[in-house]
Amino acid sequence: MPPAPAQLSGDDCLLSVAGLRVEFAGPKGWLPVVDDVAFHIGPGETLGLVGESGSGKTVSSLAVMGLIPKGFGRVAAGSIGFEGRELVGLPDDEMRRVRGDQISMIFQEPMTSLNPAFTVGNQIARAVRAHRSV
């Protein structure tokens, strides 16, 4: 049995999220939409984010991936560690390399992720070329 998340050490933890707070810009300033999210995932583990619509599952995932649109939203607090490396505040080019080489996200709706005018192979190749010099 794998250790409980709270027992994972730095070497055992693949992804660690602690105290995550995400805010979106509103007419009167920044509004919290996710507050104090925490979880740890070890190698070989799977985590399912479960909750009602609007509970912050997608926003939390986008924050981990560094995909919160700048100017519209921000990670206001917390830590996101991947393989011992802090992702919050990582420059865009470095985060793009992490996304292309080590971590990825499967979006809920394939019709917004894939373009039916192009083959799946073409779209996968385009994604690989965006992250690697091939």
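The values are calculated or read from the model by the stated rules, or taken from the named source; none is laboratory data. All of these numbers come straight from a predicted model, not from anything done at the bench. Note that each Cβ is placed from the backbone with ideal geometry, even for glycine, and that neighbours are counted across all protein chains shown.
Got a number for residues in the stretch 37-67 being over 23 Å from Gln102 (Cα atoms) and touching a Gly at 6+ places or on another chain (Cβ under 6 Å)?
Looking only at that region, the number is 0.
Residue by residue, here is whether (1) farther than 24 Å from Gln108 by Cβ; (2) more than 13 Å from the chain's Cα centre (by Cα); (3) of a type in the set (Gly, Ala, Ser); (4) modelled with pLDDT of 95 or more holds:
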residue	(1), (2), (3), (4)
Ser55	no, yes, yes, no
Ala76	yes, yes, yes, yes
Ile80	no, no, no, yes
Leu87	no, no, no, yes
Met95	no, no, no, no
Give the residues of the stretch 98-124 that are touching a residue at least 24 places away in the same chain (Cβ under 8 Å) and surrounded by 14 or more Cβ atoms within 10 Å (Cβ to Cβ), sorted by residue number.
-> Val98, Arg99, Gly100, Ile103
Result of the Cβ filter at 8 Å on the stretch 56-83, keeping first residues that are without any contact (Cβ under 8 Å) to a residue 24 or more places away in the chain and partners that are of a type outside the set (A, V, I, L, M, F, W, C) and surrounded by fewer than 19 Cβ atoms within 10 Å (Cβ to Cβ), at least 6 apart or interchain, is Lys57/Gly51
Scanning the stretch 38-61 for residues that are within 15 Å of Phe24 (Cβ to Cβ) and β-branched (Val, Ile, Thr) gives Thr58, Val59
Please specify each residue of the stretch 25-50 satisfying the condition of being surrounded by fewer than 16 Cβ atoms within 10 Å (Cβ to Cβ), closer than 20 Å to Ala76 by Cβ and more than 14 Å from the chain's Cα centre (by Cα).
-> Ala25, Gly26, Pro27, Lys28, Gly29, Trp30, Leu31, Pro32, Asp35, Asp36
Any residue in the stretch 44-55 that is of a type in the set (S, T, N, Q) and either touching a strand residue (DSSP E or B) at 6+ places or on another chain (Cβ under 8 Å) or touching a residue at least 40 places away in the same chain (Cβ under 8 Å) (or both)?
-> no
